[in-house]
């Protein structure tokens, strides 16, 4: 089942968040990442 997952990650510890984003990119090749002022939005299919 291909569900679209959307996560918003707050921006406090940016370097830690980028590591999380990179891990998700490795797991889910078609991840869409948007960086906004205070948070990162990640969308991927699970």
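A short reminder: the numbers here are calculations on the coordinates, not readings from a lab. Small disclaimer: the values here were computed from a predicted structure and weren't measured. Cβ placement follows ideal geometry from the backbone for every residue including glycine, while neighbour counts extend to all protein chains displayed.
Here are the numbers for the structure shown:
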{"item": "Value of Rg to Rh for the chain (Rh from inverse mean 1/r over Cα pairs, i.e. Kirkwood)", "result": "0.97"}
{"item": "Two-site FRET efficiency, residue 46 against residue 14, from Cβ-Cβ distance with R₀ of 30 Å, rounded to 0.05", "result": "0.75"}
